[in-house]
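Working notes, beginning with the structure itself.
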Amino acid sequence: MASIIVKETAKRILDARKKSGKSAAEVAKAANMARATYYRYESGDQKNMKLDKIQQIAEIIGAYPADLVVWDDEKPDSSDGAGLTEDETELIRVYRSVSPQTRLAMMTLLRSAEADHVARGDGEADR
């Protein structure tokens with residue numbers, strides 16, 4: 001069974017590949033990988049994901065390698081009781097799946113909304 005880190009990395013690869021409009025077969029061919037191997041990267045069944053292959057995949061699909069890989073310090077920690085809501089988790093997922101330009105637009109919008117919230121006298125953002 002794959003770890004949560006491998007499964008989330010696989011999901012990021014799949015989401016980014018779909019966003020690129022390329023098929024799995026196209027990416028596999030461009031990365032000089034067997035289709036079955038590439039499918040294992042996207043399904044999380046590839047236990048030993050090679051960073052050089054992830055970098056190559058990222059280049060092919062127009063993503064940043066760092067946005068595809070889940071690092072150990074990113075894995076969810078439910079033991080602290082301060083987990084994210086579903087909306088917060090979705091916001092992070094969407095943020096990670098879009099282009100840098102879209103990320104900038106998202107942050108500008110969020111900061112503007114926060115400033116309006118504070119200017120109305122509502123105080124800090126709702127927690």
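The values are calculated or read from the model by the stated rules, or taken from the named source; none is laboratory data. Keep in mind it's a predicted model, so treat the numbers as computed, not measured. For neighbour counting, all protein chains shown are included, and Cβ atoms are generated from backbone atoms with ideal geometry for every residue, glycine included.
When region 52-70 is examined, which residues are found to be surrounded by 14 or more Cβ atoms within 10 Å (Cβ to Cβ) and either of a type in the set (S, T, N, Q) or closer than 15 Å to Lys18 by Cα (or both)?
Listed by number, the residues that qualify are Gln55, Gln56, Ile57, Ala58, Ile60, Ile61, Ala63, Tyr64, Asp67, Leu68.
Contact list please: Cβ distance under 7 Å, first residue in region 107-127 and outside any helix (DSSP H, G or I), second residue modelled with pLDDT of 85 or more, pairs at least six apart or on different chains.
Pairs that qualify, where the first residue is outside any helix (DSSP H, G or I) and the partner is modelled with pLDDT of 85 or more, are Ala125/Glu114.
Condition check ((1) in the same structural domain as Arg17 (by TED's automatic domain parsing); (2) at pLDDT 85 or above; (3) charged (D, E, K, R)) across all residues:
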residue: Glu86; (1), (2), (3): no, no, yes
residue: Glu90; (1), (2), (3): no, no, yes
residue: Arg96; (1), (2), (3): no, yes, yes
residue: Thr102; (1), (2), (3): no, yes, no
residue: Thr108; (1), (2), (3): no, yes, no
residue: Arg111; (1), (2), (3): no, yes, yes
residue: Ala115; (1), (2), (3): no, yes, no
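Across region 1-30, which residue is farthest from Ile60 (Cα to Cα) among those that are surrounded by fewer than 18 Cβ atoms within 10 Å (Cβ to Cβ) and among the aliphatic types (A, V, I, L, M)?
Among those residues, the one meeting the criterion is Met1.
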